[in-house]
Structure formats: C-alpha cells, structure tokens
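Notes for the one structure printed next.
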Amino acid sequence: MKKIFIYLCVLAVILLNACKKQGLKVYNDSESKNSIYFAKTDTTNNVIFSFGYAKANVQDSTLNLLIRTIGSPFTVDRPYNLSIADSSTLKPGVDYEILNQPLRVKAGNVTDVLKIKFHRTAALAKDSAFLYLDLKPNENFTNSYLSKPVTINNVTQLIYFTRLKIRVDDIAGPPEFWTPGNPSFKTTSYLLGVFSTKKFQLLINQYNLDVNKITQPNWIKQDGNSTRISGWASGLKAYLNQMAAAGTPVYEADGTTRMTMGKYAS
C-alpha cells in the first residue's frame with residue numbers, strides 16, 4: 001500500500017511538471033474571433049410582425065431584435081455584417097428602414113439591438129411581405145455557431161442561429177389556434193367563443209399579451225400554452241359580466257351585438 005502511495009505521488013509530480021512546461025491553452029478572442037447570432041433563433045427562425053391589431057393612426061412601428069456574440073467584450077467597436085436576401089419582398093426605404101446605422105457591437109458589449117422600423121403601407125393590408133436576414137462572417141465575427149437540430153412536438157428541424165425570417169402584414173385575422181381547420185380551433189372556440197378582431201384586441205390588452213408570440217405557428221403546442229386559453233376565457237368572461245352589471249356592456253364592432261365568450265368559459 002505504501003509503495004502504491006509513493007508511486008501515485010511521483011506520477012502526480014511528473015504530470016504537474018509536464019503541465020507547467022506545456023502551459024494551459026486558453027481561448028483567444030482575438031485569434032478565434034467571436035460567433036454572432038440572433039437571440040430570437042434560440043426557439044425559432046421566424047418573427048411575425050403585424051399592424052393588424054394597431055390603431056388606425058399608427059403608421060409605423062419598430063421591431064427590436066437582440067443580437068448576441070460569444071466571447072468576451074472588446075475595447076473597440078466591432079462592426080458586423082448583416083445581409084438582406086434578394087428574395088425579400090419588403091423594400092428598403094419604402095417598407096422599412098434600419099435605424100441603428102452603422103451596425104456594430106459597441107466597445108464593452110457582447111450584444112446589440114437591431115432596430116428595424118416598418119412602415120404601414122397599403123399593400124400590407126392585402127398580403128404578407130417578408131424580410132430575410134442573414135448574419136455573415138467578417139473580420140470581427142464568424143459563423144461557427146451556425147445551426148443545430150431542434151425537436152418540437154416530435155418534429156425535428158434545423159434551426160439556423162444566423163438567419164431570421166420576418167413576416168409583416170396589416171391583417172387582423174385570428175391567430176392559428178383560433179382558425180377554422182386548425183386542430184385547436186374547436187377547443188379554443190368552446191372557451192373564447194366566436195373570433196372577432198375587437199375581442200382579440202381586448203384579450204391582448206387585458207392580459208398584456210405579445211402579439212408576435214401568440215401568432216407564431218404552433219404557439220399553442222409550446223410551454224403549456226393550451227392551458228392559458230382556459231384562464232383567459234374565464235377572466236374575460238368575468239370582465240364582460242362586470243361591465244354589463246355596471247350598465248356598460250361591451251359590444252362587438254357593429255355596436256349592437258353583445259360580446260360573449262364560449263359555452264365552456266367558466
């Protein structure tokens with residue numbers, strides 16, 4: 001036992017000396033550069049931006065997109081390369097403008113907020129338009145943090161952290177889970193009742209909902225969101241009852257139809 005102990009001590013000394021001679025190889029930001037990516041793409045490559053539920057006097061609105069880098073902050077500004085695909089149907093200077101020019105991660109930071117102002121053009125009321133963004137490598141950043149397979153509801157797809165598709169419209173239609181033909185439509189209708197833009201706007205305001213999130217494809221299947229609809233229905237029904245009891249019932253946009261919830265709203 002004593003011989004084994006002595007042997008282990010000698011081996012430890014040899015290994016320690018070897019490490020001292022070779023030195024530890026550490027990550028070097030300057031040599032390796034940093035990867036850059038859209039923070040939004042941790043969950044999806046898509047963003048839906050709609051004027052459909054905004055007041056008529058709103059003519060433009062700004063979307064803020066968080067951009068992150070991997071590694072330590074630098075003492076100088078680092079410009080990054082944002083490419084906009086030719087297949088984009090939104091036109092610069094007409095449909096949108098990028099506010100924070102020049103694009104850069106400022107000294108001492110590892111993030112930037114990309115600010116895109118969208119204009120509420122007449123065409124958006126007829127059909128959606130798209131903007132395809134791609135973060136390209138340059139002298140400051142790499143694309144090494146590029147993609148990974150992500151499985152949602154047993155469906156695996158490749159998520160690109162450097163790419164983002166933005167859909168913009170001015171259409172006040174129902175979200176996917178409240179749309180006829182969707183698997184969730186029947187349950188949603190039993191709870192929330194018949195869809196109307198005014199009811200959806202009231203729901204958004206009552207619960208301070210993020211329209212961009214709840215109108216995402218498959219939103220209802222993520223993070224237990226299906227259970228939230230039951231709570232919204234109960235809360236909104238209580239609100240409508242309170243307003244009616246106070247002598248100020250809530251009507252639909254026609255001014256004569258009382259707003260009601262679904263038959264299973266408790």
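Throughout, read-outs are computed from the coordinates displayed, never taken from laboratory work. Please read all numbers here as calculations on a predicted model, not as lab measurements. As a convention, Cβ positions derive from the backbone with ideal geometry for all residues, glycine included, and neighbour counts pool all protein chains shown.
Observations on the structure shown:
- Two-site label geometry, residue 130 and residue 63: point separation in nm, points 7 Å out along Cα→Cβ: 1.2
- Largest GNM mean-square fluctuation among 186, 165, 199, using the chain with Cα springs under 10 Å: 186.
- Sparsely packed chymotrypsin sites (Phe, Trp or Tyr not before Pro) within the range 35-118, loop by DSSP, other Cβ within 10 Å at most 13: none
- FRET efficiency estimate (nearest 0.05) - Cβ-Cβ, residue 260 to residue 223, R0 25 angstrom: 0.30
- Taking a ≥ b ≥ c as the square roots of the eigenvalues of the Cα gyration tensor, the range 29-169 is oblate, since a/c reaches 1.5 or more and a/b is not larger than b/c.
- Viscosity 0.890 mPa s, temperature 25 °C, Stokes-Einstein D of the range 127-198 from Kirkwood C-alpha radius, µm²/s: 155
- 28 Å Cα-Cα threshold exceeded, pairs from 106/165; 40/186; 198/221: 40/186
- Directionally averaged shadow of the range 176-245, computed from the convex hull of its alpha-carbon atoms, nm²: 4.6
- Of the trypsin sites (Lys or Arg not before Pro) in the range 35-106, the ones in a loop by DSSP (not H, G, I, E or B) with at most 14 other beta carbons within 10 Å are 55, 106.
- Here the chain was treated as a single set of alpha-carbon atoms; its pair distances binned every 10 Å from 0 give 6, 22, 24, 20, 12, 8, 5, 3, 1, 0 percent.
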